[in-house]
1. Based on the inverse mean of 1/r over its pairs of different Cα atoms, what is the Kirkwood hydrodynamic radius of the stretch 571-699, in Å?
2. log10 I(q)/I(0), Debye, Cα-only the stretch 471-564, no solvent, q = 0.11 Å⁻¹?
3. Given 25 °C and 0.890 mPa s, how large is the Stokes-Einstein diffusion coefficient of the stretch 1-126 in µm²/s, with Rh as the Kirkwood radius over Cα pairs?
4. Can you classify the stretch 496-618 as rounded, prolate or oblate using the Cα gyration tensor, where a ≥ b ≥ c are the square roots of its eigenvalues, rounded means a/c under 1.5, and otherwise it's prolate if a/b beats b/c and oblate if not?
5. If contacts are Cα pairs under 8 angstrom and at least 6 residues apart, what is the relative contact order of the stretch 52-122 in percent?
6. Over all pairs of distinct alpha carbons, what does the Kirkwood formula give as the hydrodynamic radius of the stretch 341-494, in Å?
7. Rounded to the nearest 0.05, what FRET efficiency do residue 59 and residue 512 give with R0 = 25 Å and r taken as the Cβ-Cβ distance? Could you check?
8. With each run of n ≥ 4 DSSP H residues scored as -39500 (n - 2.57), what mean residue ellipticity at 222 nm is computed for the chain after dividing by its residue count and rounding to the nearest 500 deg cm²/dmol?
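We did not get these values from a lab; they are worked out from the coordinates using the rules stated. Please read these numbers as outputs of a predicted model, since none were measured by experiment. Cβ placement follows ideal geometry from the backbone for every residue including glycine, while neighbour counts extend to all protein chains displayed.
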């Protein structure tokens, strides 16, 4: 068999490190970018004599939609493209360039020819979401080409295309307890997975194993059977094999099936209960932590008996255990059994060390600061979406008029680049542009085949602006992760991001006369959300220097904002959510999210080739990088907790441990995170110990 020839750009990129994995020559990555464009992109990009010829071709050949372009004059379109191309953007890393052209750029139908450059994709994104507003289109393209922010992957990938997927790819569904409800959730999950959606399903309402059905005892199969069904669904509906379906299931720890639920992810679990690709999370009220701390027995409950006794779904009851726990314990009509909460916590920690699961949502941390009246009952695949849901109940297929449509969730996301927003002094402009684009995504999205998702999106217009590039920015500024200066920076920056997202949402409500659903019952409406909020100024010299030319909203600004919000309302029910944004961070040449890096030079495998992504500023600040596995997790928690004070939803936050850390160590991290107000914990990643592990100094 003829041996395949490895392209020059991959060989160059692979020379960044030596055979021992140590940094060898960072300039090789820059050479790889040049070679990639010279020998691959430039040779395989379709040539057009003019922009008009290009657009006419792409519309006529049904690559682009025509309608959004017809809302502008040709001169306006040309000006947007000119702004993009005059920026003379260059990808600083091979991984960034490869990721964009491999995954995002429009290609011919045989995949052999590139029909877009990076500038083209951004210009189309700006024009489409500005919806004919030329000034907005110019604001969009200025922020996009400066890489101050980026829309989420499905938005950047699909915008403007004639044949496209959805602009959002993350959904949360709450399952009701009837077979009709389970059937519809199963159907919805497959439909959403088919178009590339990741779906989280709350199973807390389902009756436990052995409960009655139609009065017949011991016939319910419990949540494990439904989880297995969903696991098979996601693996079956996998976008024609192009992308594995992604799903997660959540269960409240007070559900009687909690131990069986956790067993599903054990590596040695029986095939009858083990789920292969499905992710899982637990919802943990404070009551469990209180009982574990006091070393008391903990009762878990059988949901159907709770419903029979009180007429309430168990997801609604179990989210407020401070109120309900003693009532359920004392009610003889509610079936229950005792477990040891410390052993349950140990089971969770042990499973995390083994498989990385389950995710944890500290429900009282979430709901104690939830500005909305309805409670948040579970989270999504990446644990940053925290919005209330209302359970839907479905009639038989011949009785669709009996459907009771509740409210489920779609995630409309974008992420800012922390360094660029600060260095370009565009924090306000970036937040405003991102909010406008996410609002466009919300208004242009109608997942009609999942009616509870469509309903909530229409009424709440919830969005989630996040941040990337944190670790790279502080390393470049010689600020240690978790230091006093780092906390200072996070506190000032996120307070400003929160402020400007509120201002934008208020102004949009004022302009349109539209407030999100049930705004009047929220803590925004009575002003209580703003208690304790106001100007935060830098305290440390280094952070004072970073913000010296940046306007920081004053206490008077905050007071006026409070008055305006109480007067005009807010357009969006939710505004901020920090996603893990690993894939899109490559395109932005940024460190992902807020969490610390895992490798100084990250290694990824695509096809038969390895690709390396050196972290930003390694040539000048490599000694400032410490990987997550070597870092003090308590300091990482402090950073996330500082940002969390300003973020109305969640922060995707991975715990990274080494293989010598025990379940007791993990439990200490849980309890400290809970104490610090952390809302959710994402994966736990375990690294096996090895010799010479310090990557930062290997230059």
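1. 16.3
2. Treating every Cα as an identical point scatterer, log10 I(q)/I(0) equals -0.42.
3. Here the translational diffusion coefficient equals 148 µm²/s.
4. Oblate shape, in that a/c is at least 1.5 and b/c is the bigger or equal ratio.
5. Answer for the stretch 52-122 is 22 percent.
6. Computed over the stretch 341-494, the radius equals 19.0 Å.
7. 0.20
8. -12500 deg cm²/dmol
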